[in-house]
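Some notes on the structure that comes next.
What follows draws every value from the coordinates through simple rules; no lab data is involved. Quick caveat, the model's predicted, so the values are computed rather than measured. With ideal geometry, Cβ positions are generated from the backbone for all residues, glycine too; neighbour counts draw on all protein chains shown.
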Amino acid sequence: MSSGLRPVRSATEADLSAELLVRMHGLMLKARLLEERLIQMYKQGDGYFWIGGPGEEAFNVPLGLLIDKGSGPQHDYCHFHYRNSGTLLAMGAEPIDALRQMKNTATDPYSGGRNFVGHYSRREWNVVPVSSPIEVQYSIAPGTALAQKRAGGRGISIVTGGDAGTAEGDFATCLVWASRPANPLPLLIIVTNNHYGISTRSEGQHGETRISDRARAFNIESKTIDGNDPGVSYRELAAAMDYVRTERKPFMLEAVLSRLHGHSSASGANAVLDEADCLKGFERTMEERKLMTRAQMDTLRAEFTLELQEAHKKVRDEPQPTGDTIFDHVFSERDLVRGDQ
Amino acid sequence: MSSGLRPVRSATEADLSAELLVRMHGLMLKARLLEERLIQMYKQGDGYFWIGGPGEEAFNVPLGLLIDKGSGPQHDYCHFHYRNSGTLLAMGAEPIDALRQMKNTATDPYSGGRNFVGHYSRREWNVVPVSSPIEVQYSIAPGTALAQKRAGGRGISIVTGGDAGTAEGDFATCLVWASRPANPLPLLIIVTNNHYGISTRSEGQHGETRISDRARAFNIESKTIDGNDPGVSYRELAAAMDYVRTERKPFMLEAVLSRLHGHSSASGANAVLDEADCLKGFERTMEERKLMTRAQMDTLRAEFTLELQEAHKKVRDEPQPTGDTIFDHVFSERDLVRGDQ
Amino acid sequence: MSTMVQAIRLALHVAEERLGVTDIFGEDVGPPLGGAFTATQGLKTTWNSPLDERGIVGAAIGLALAGQRSVAEVQFCDYIFNSIDLLKQGGMIHWASNGDWNCPMTIMMPVGSGIRGSIYHSHSFDAIATHIPGFKIAIPSTPREAYGLLLSCIVDPNPCLFLVPKALMRVRSQPGEEIPGEPGDDKALSRLIDAPLGDRSKWQPQWPDTPDLFIKLGEARTVRPGRDLTVVSYGRTLPVCTRAAEELVSEGVEVEVIDLRSLWPYDWAAVKASVQRTGRVLFVNEDTEVTNFGEHLLRRTVDELFYELLAPPKLLAGAHIPGIGLADNLEMASVPQLASIRTAMLDLARSQP
Amino acid sequence: MSTMVQAIRLALHVAEERLGVTDIFGEDVGPPLGGAFTATQGLKTTWNSPLDERGIVGAAIGLALAGQRSVAEVQFCDYIFNSIDLLKQGGMIHWASNGDWNCPMTIMMPVGSGIRGSIYHSHSFDAIATHIPGFKIAIPSTPREAYGLLLSCIVDPNPCLFLVPKALMRVRSQPGEEIPGEPGDDKALSRLIDAPLGDRSKWQPQWPDTPDLFIKLGEARTVRPGRDLTVVSYGRTLPVCTRAAEELVSEGVEVEVIDLRSLWPYDWAAVKASVQRTGRVLFVNEDTEVTNFGEHLLRRTVDELFYELLAPPKLLAGAHIPGIGLADNLEMASVPQLASIRTAMLDLARSQP
Ligand SMILES: Cc1ncc(C[n+]2csc(CCOP(=O)(O)OP(=O)(O)O)c2C)c(N)n1
Ligand SMILES: Cc1ncc(C[n+]2csc(CCOP(=O)(O)OP(=O)(O)O)c2C)c(N)n1
Ligand SMILES: [Mg+2]
Ligand SMILES: [Mg+2]
């Protein structure tokens, strides 16, 4: 039964099992190493441009674990931006595919060498193509949520983007459309707030105390959380998703987190030292709580590093798309609505 | 001295002089009769399209009286929409000029017969051209306010628009830009809420309890008022303007009011009977408070009616613009920044 | 005989009943109004959106991604210029995902001059539309074609723009050009499917039984044959071209008039064959004339048929000015009218090196 | 010798010091970055805006209405497609107010391909820009022209678009084409006006004394003369055309290359005179080729010079696809490159009926 505007209650820390925490650590570590490998590829000339999510693993990994992955309105639709590599990894994506997109090979499953790295797209998982113009995903997400509202069930739409981008009208569009009294939508509206848009600090540009206050104005339930803590992120995401799945209403979650290699390769992609590193913090906690030893973590790191190294080597030899393919897929002959595959 | 986020205090009812109330009544009456004349012109074929503000006089007239009219940043910039005829009248515009625009004559001082009625434009009064695409004025107004902030003094920018239009991203843009911590702007953000966008009731489309709550999210002072009461409107506008002029910060005012002839001639322009009529209400008050007699008001009405009738006749004989003028004013040779006139 | 607006309503009814359309939406599209031009009255899947074109286009894309067929209306094409990025996005989803995703949606909008729409309700959209890759674009000039082209847009697995010439919305079918199944009597059709004035809360339309008639995107229609000159047009100017052509018969000039009706893909074969026969071609549309789709058609003509041309191919289009002024004289001078079209035809038919 | 990006910076400095510019703003335009391409480093009136192109264009219009001269940057032209309505608005303010108001502003944006910008950082804007009446539009191909054209845009009483070819941002002036007053030595100029890496909070640029050099909008530049073929280009493709022309000398073909540099108004007199001499003309740009500004130029050529042409005029432009793919092969195949330009030139120079 619907409980109306009941406050969203998250689980307590104790509710997260050791197994889950170990799993999250593994994925966070792998996500970080993946980004570091991608940066290295850029620096070695194995790609023209890097952008990604190092520093967001504590939030993006739980998000990926909690998404109901699949195709069609009974599963979750994912409207991501360019920092969601950790989420894809947690959903089960192969790291080598990110390397393929980095090297724009013909084998890149997300765009066939057409798009920048981190611009995921995967229909079998409802991951819609990531757009370089930022924020447009916030105008598009209500459409999939509308279909899900009508379909019933527990499928929801999830949209992510950065703090600076909320200045675009699309973010307001998302709030307006999600909260229409005629048809509130099962839409989880996420903003990852790293306090920067490229070089511009948010403090001079944003008059809101919290970005999540903007949702409140529309009577959308919202919360601002510490996105650098994977436990908090998991619990708050689980609670928010449960609310959206059950109530079929929007929820907005603002996650405050770090940007550990600057904006992108356009700003050098070098490691930043003055921001909290969620992975380091989580590894300390895991040690303190005796869930893993330093040695175990080192072994894991070595394993993943090797795996990524192998993948890098492999991708180097894969073919590039040829020039005569530029006209492929301008139009489709295949009718997905009718059921073609 | 700046008093920070002090609440905006409006005057009490007693502070409005009898003289002012009589003056407001005259302008409200004239504004109403002007709109009725314009509608009649439309119905008689003396114009292709009517849109205007009957029902908004109790708000628009005080607004016009309080505006600091003039040219350049030391005076107020007016970014209006298509329902501000009462405001222009209160600022001193000649009613016949509205008739000229209605009949798209070459003598129309606002657009030379190019634009729809109600699309004012008057550089000597800082009234910037009204745009048919709605809401764009909310994206433009921060620009004039920026110039005024730099110029110092007490000049402010004023932007008006409807409730439905706040769903456009431009409204959010206005809130974002007005409240930048790096440079808050002297901008009075007005929304006239008649609960309709053409045929669409706001209740199904707007999840906000009050539209003015959206400003609150940006820490912009705001208020929702009864725009059908000219006393309330005058006092609240005076207080809001004083705040913006003095603090050099934005304020948002939402005025709830009526739409007495539907959206425009596209929806028939016929009188609506189930909405409160601010003029009737005010006339009752004026009688009750013995500020005017019914007979005085009837005389006034007869006078204005005659004046408008004469104006209508006159405009009928005025020339239309000729086809060969379409290329005039695509580009300007005159440099206003340098001081050309 | 239906008007174009009734034909669109009939097509939308068929589409929601039999072709899987789930959402017909936009500003004032649902009850009580049923569209600024009444095109969406009485339909069962209509709803009113917020006043937000970006949201409308965005929601249409989202619905398409979720496998729903929708028809989204933008009240006038004049209002979509804040959403060109989203159109571009819709047009690239299939291509950018290397063929993985589709974006099947139809965006419907009134275009053009002819109703004294003044500066900002008279714009055309053919130039910008054809400059956005990935979209199919249709623009009807008769009610029957509106019906058949709209149905083709709706079932197409790609994003489509359906542009409706405002000036032709109230124009009726000609005998022989009815939609199969529509009652022959105008009044009878109106009684069935036009909402009454006043309270409509209890009104129910009665839909005549009209078929799934698809007019293929990419096929032009030769409205009249002629040996002296080819005229290629679409939308509001098309029937004006036809009238001008009829008038020129008395001057001994036989003009072939082609209704392009689908701007992308477009029927180059039909244009080419005609120009090869006549050696002279005039392109007519009412968008502003600089960087105009007619210039593309003209370029292709020169590219492929240069040595077969008997005279320089011409474009007659709208004046390159910011809008169309309200006064009658201004509108008449801003976009092609019967007289200017007639003159352009005659000049071209008679031009000698 | 300055790069184009340094030339822009020098011009902006002159503009804020002597020409009354009050605001140079946009995303990341102010400190610490000074622009995604460093064009706005060290200037005194720069500031960072919210991440909102509609707000940027809107504020520029508002500033113009308030009598301020501003230069607003949109970080890549690819991001302005959500604000075309506002550009249209800016372009019509003077006209819609029947000459009462002006809207003097300069909007600056990087355009085009050449930096592996992938799908959404490689767009051109010349087609859409020239379809918006009321704007003047400039696009430089050398640092000196960037300097002179930008200054002309800034002092113009009308709204101007200043399009900067991304591929040419780091290209240096050629000897003889310096900006008067710039130090001859690259390193010296860099020491004066390039911000250091790392902490810049204490850095102050030292501006060389450069003059108010205006390159008139509407005047083309003949880059090299030639008798066999006219090539009209601008932006990234211009220097590629010049190189191709130089290569063709050895084949005995003399190509005249014209840099249009101002797209509106454009120098029709220069193009016409050249085509009248050569009888053959190739238009080259990298925007997508359907409803392309080159098609306008070609149409005008056919309109006025049909009987003087020795071969069909041609357009070489970008493929009509939704974007430019990231992989090198994809970019090369999507927009004109040296080889394709050379071939097009040779084919046209040698074509016989
Ligand atoms: C519409 C649009 N405008 C500008 C840009 C250029 N740009 C790319 S990312 C970015 C900053 C985004 O900041 P934020 O939204 O906070 O996300 P973050 O990168 O910090 O995660 C900018 C300005 C863009 N990609 N799209
Ligand atoms: C960008 C844009 N979209 C749509 C329209 C069509 N339109 C004109 S007025 C209007 C309704 C406006 O409602 P509201 O903002 O509440 O103002 P009101 O007319 O009620 O004063 C609409 C949809 C328009 N003019 N511009
Ligand atoms: Mg950020
Ligand atoms: Mg309203």
field: In nm, spacing of pseudo-spin labels at C:Glu17 and B:Ala151 (7 Å Cα→C-beta vector)
entry: 6.3 nm
task: Take the alpha-carbon centre of the stretch D:169-189, take the same for the stretch A:190-238, and report the distance between them in whole Å.
output: 47 Å
task: Can you bin the protein assembly as shown into rounded, prolate or oblate? Criterion: square roots of the alpha carbon gyration tensor eigenvalues sorted a ≥ b ≥ c, rounded for a/c under 1.5, prolate for a/b above b/c, oblate for the rest.
output: rounded
task: Would you mind checking the tilt of helix D:53-65 against the longest principal axis of the Cα atoms of chain D, expressed as 0 to 90 degrees and rounded to 10?
output: 80 degrees
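Using r as the Cβ-Cβ distance of D:Arg224 and D:Leu192, and R0 as 35 Å, what FRET efficiency do you calculate, to the nearest 0.05? The partial results should precede the final answer.
Values: r = 33 Å, r/R0 = 0.93.
Efficiency computed from Cβ-Cβ geometry: 0.60.
Kindly identify the stretch C:115-180 as rounded, prolate or oblate by the Cα gyration tensor criterion: order the square roots of the eigenvalues as a ≥ b ≥ c, call it rounded if a/c is under 1.5, otherwise compare a/b with b/c, prolate if a/b is larger, else oblate. Show your work: numbers first, answer last.
Values: a/c = 3.10, a/b = 1.09, b/c = 2.85.
Here the stretch C:115-180 falls in the oblate category.
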field: Chain A Cβ-axis minimum, rotational copy B, residue and distance in Å
entry: A:Gly169, 1
Phi to ³J(HN,Hα) by Karplus 6.51 cos²θ - 1.76 cosθ + 1.60 over the stretch B:213-228, Hz, x for Gly, Pro: 4, 5, 5, 3, 4, 9, 6, 8, 4, 7, 7, 10, 10, 7, x, 8
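Relative contact order (percent) for chain D, with alpha-carbon contacts under 8 angstrom and 6 or more residues of separation?
Numbers: 800 pairs, mean separation 60.1, N = 353.
Over chain D, the number comes to 17 percent.
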query: Which lysines have a Cα lying under 30 Å from the Cα of C:Lys202, excluding residues fewer than 8 positions away in the same chain?
result: A:Lys149, B:Lys43, C:Lys44, C:Lys166, C:Lys187
statement: Once phi for every residue in the stretch D:168-184 is put through the Karplus expression 6.51 cos²θ - 1.76 cosθ + 1.60 (θ = phi - 60°), the whole-Hz ³J(HN,Hα) values, with Gly and Pro written as x, are 9, 4, 9, 6, 8, 4, 8, x, x, 10, 5, 7, x, x, 6, x, x
- prompt: Taking the Cα centre of the stretch D:45-162 as the origin and placing charges on Cβ (Lys, Arg +1; Asp, Glu -1), which of D:Phe162, D:Gly148, D:Trp95 is farthest toward the positive end of the dipole?
  reply: D:Gly148
- prompt: Along Cα→Cβ at 7 Å, what distances in nm separate the C:Asp209 label point from those on the other copies, shortest first?
  reply: 9.2
statement: In this structure, the FRET efficiency calculated for A:Asp298 and A:Asp15 from their beta-carbon separation, with R0 = 25 Å, to the nearest 0.05, is 0.30
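When a footprinting reagent is the concern and you count Cβ atoms within 10 Å, what order do D:Met345, D:Met169, B:Met297, B:Met24 take, fewest first?
Taking fewest neighbouring Cβ atoms as first place, the list is B:Met297, D:Met169, B:Met24, D:Met345.
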- line: Charge dipole of the protein assembly as shown built from unit charges on the beta carbon (Lys, Arg +1; Asp, Glu -1), centred at mean Cα; most positive-end Cα among A:Leu253, C:Gln75, C:Phe135 is A:Leu253
query: Can you give the relative contact order of chain A as a percent, counting alpha carbon pairs under 8 Å and 6+ residues apart?
result: 22 percent
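With a cut-off of 8 Å between alpha carbons and a minimum separation of six or more residues, what is the relative contact order of the stretch C:4-193 in percent?
Details: 377 pairs, mean separation 43.2, N = 190.
About 23 percent, as a whole number.
Which residues make up the longest stretch of chain C clear of trypsin sites (Lys or Arg not before Pro) that lie in a DSSP loop with no more than 14 other Cβ atoms within 10 Å, not counting the sites? Don't skip to the answer; put the middle values down first.
Details: sites that count: C:Lys44, C:Arg170, C:Lys202, C:Lys216, C:Arg227.
Answer from the scan: C:228-353.
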message: On the principal axes of its Cα set, how long, how wide and how thick is chain A? Give whole Å, largest value first.
response: 57, 55, 41
query: Points 7 angstrom from Cα along the Cβ direction at A:Leu306 and A:Leu291: gap in nanometres?
result: 2.6 nm
- prompt: So what J values fall out for the stretch A:128-135 if you push phi through Karplus, 6.51 cos²θ - 1.76 cosθ + 1.60 with θ = phi - 60°, rounded to Hz, Gly and Pro as x?
  reply: 7, x, 6, 9, 5, x, 6, 6
query: Taking neighbour Cβ counts within 10 Å as the exposure measure, how do D:Val111, B:Val256 sort from fewest upward?
result: B:Val256, D:Val111
query: Placing a label point 7 Å from Cα toward Cβ, how far apart in nm is B:Ala276 from its equivalents in the other copies, listed shortest first to one decimal?
result: 5.0
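Using unit Cβ charges (K, R positive; D, E negative) and no other charged atoms, how large, in debye to the nearest 20, is the dipole of the protein assembly as shown about its Cα centre?
Working: 140 positive and 174 negative charges, 182 e Å.
The calculation lands at about 880 debye.
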message: Less than 16 Å apart at the alpha-carbon level, and either on another chain or at least 8 residues along: which lysines does that give for A:Lys280?
response: A:Lys30, A:Lys290
- request: Just report the Cα centroid separation between the stretch B:40-112 and the stretch B:264-324, whole Å.
  value: 13 Å
Cross-link partners of D:Lys136 among lysines (Cα-Cα below 18 Å; sequence separation of 8 or more within a chain): D:Lys88, D:Lys216
- prompt: Around C:Val223, which amide H atoms from residues at least 5 apart in sequence, or from another chain, sit under 5 Å from its own amide H, with H modelled in the peptide plane?
  reply: C:Val257, C:Ile258, C:Asp259
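Exposure proxy check: D:Glu251, C:Glu256 ranked by fewest other beta carbons within 10 Å?
Working: D:Glu251 12, C:Glu256 22.
Fewest to most other Cβ atoms nearby, the residues stand as D:Glu251, C:Glu256.
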task: Mind listing the label-point distances from C:Leu192 to the same position on all other copies, shortest first, one decimal in nm, points 7 Å along Cα→Cβ?
output: 8.1
- line: Projecting the Cα atoms of D:Ala66, A:Thr166, C:Ile8 onto the charge dipole of the protein assembly as shown, where Lys and Arg contribute +1 and Asp and Glu -1 at Cβ, the residue farthest towards the positive end is A:Thr166
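Give the percent of DSSP beta bridges with both residues in chain B that are antiparallel, rounded to the nearest 5.
Working: 3 of 24 bridges.
Approximately 10 percent, going by the DSSP bridge assignments.
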- request: Kindly identify the stretch C:144-238 as rounded, prolate or oblate by the Cα gyration tensor criterion: order the square roots of the eigenvalues as a ≥ b ≥ c, call it rounded if a/c is under 1.5, otherwise compare a/b with b/c, prolate if a/b is larger, else oblate.
  value: prolate
